[in-house]
Amino acid sequence: MGAASCRAAVFANKLIDKEKPVKADYVGLDVPNRYVFGYGMDAAGCWRNLGEIYALGGK
């Protein structure tokens, strides 16, 4: 027996300039092509508990 279908969901979809091997069916939000953290995502083991999403650096 196998699955009749499979759907992919992502919380943060990073906007990059190359094609991704898998397209998410459901996207929470699009984020810039920068290192993002907070709201459950950490930066070197830190800042996972922040209530907002932050991005490091910029051009």
remark   = Within segment 33-49, the residues that are modelled with pLDDT of 90 or more, assigned to a strand (DSSP E or B) and either farther than 12 Å from residue 12 by Cα or of a type in the set (Val, Ile, Thr) (or both) are 36, 46
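I want to confirm something. Restricting to segment 43-59 and keeping residues that are among the hydrophobic types (A, V, I, L, M, F, W, C) and surrounded by 13 or more Cβ atoms within 10 Å (Cβ to Cβ), which single residue is nearest to residue 18 (Cα to Cα)?
Going through segment 43-59, the residues among the hydrophobic types (A, V, I, L, M, F, W, C) turn out to be 43-44, 46-47, 50, 53, 55-56.
The next check asks that each one be surrounded by 13 or more Cβ atoms within 10 Å (Cβ to Cβ); those that pass are 43, 47, 50, 53, 55.
Working: 43: 24, 47: 28, 50: 30, 53: 23, 55: 20 Å.
So the residue we want is 55.
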query = What is the residue count in segment 18-42 for residues that are surrounded by 10 or more Cβ atoms within 10 Å (Cβ to Cβ), among the β-branched types (Val, Ile, Thr) and within 23 Å of residue 5 (Cα to Cα)?
reply = 1
note = Taking segment 13-29 and keeping only residues that are farther than 12 Å from residue 55 by Cα, part of a strand (DSSP E or B) and within 10 Å of the chain's Cα centre (by Cα), one is left with 13, 27, 28, 29
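If you go through segment 1-31, how many residues are touching a residue at least 12 places away in the same chain (Cβ under 8 Å) and among the hydroxyl-bearing types (Ser, Thr, Tyr)? Before you say what the answer is, go through the steps one by one.
Here is the first cut: in segment 1-31, the ones touching a residue at least 12 places away in the same chain (Cβ under 8 Å) are 7-17, 22-31.
When the remaining residues are screened for being among the hydroxyl-bearing types (Ser, Thr, Tyr), the result is 26.
The number of residues fulfilling the criteria is 1.
The values are calculated or read from the model by the stated rules, or taken from the named source; none is laboratory data. What you are looking at is a predicted structure, and each value in this text was computed from that prediction instead of being measured. Ideal geometry is used to build each Cβ from the backbone, glycine not excepted, and the neighbour counts take in all protein chains shown.
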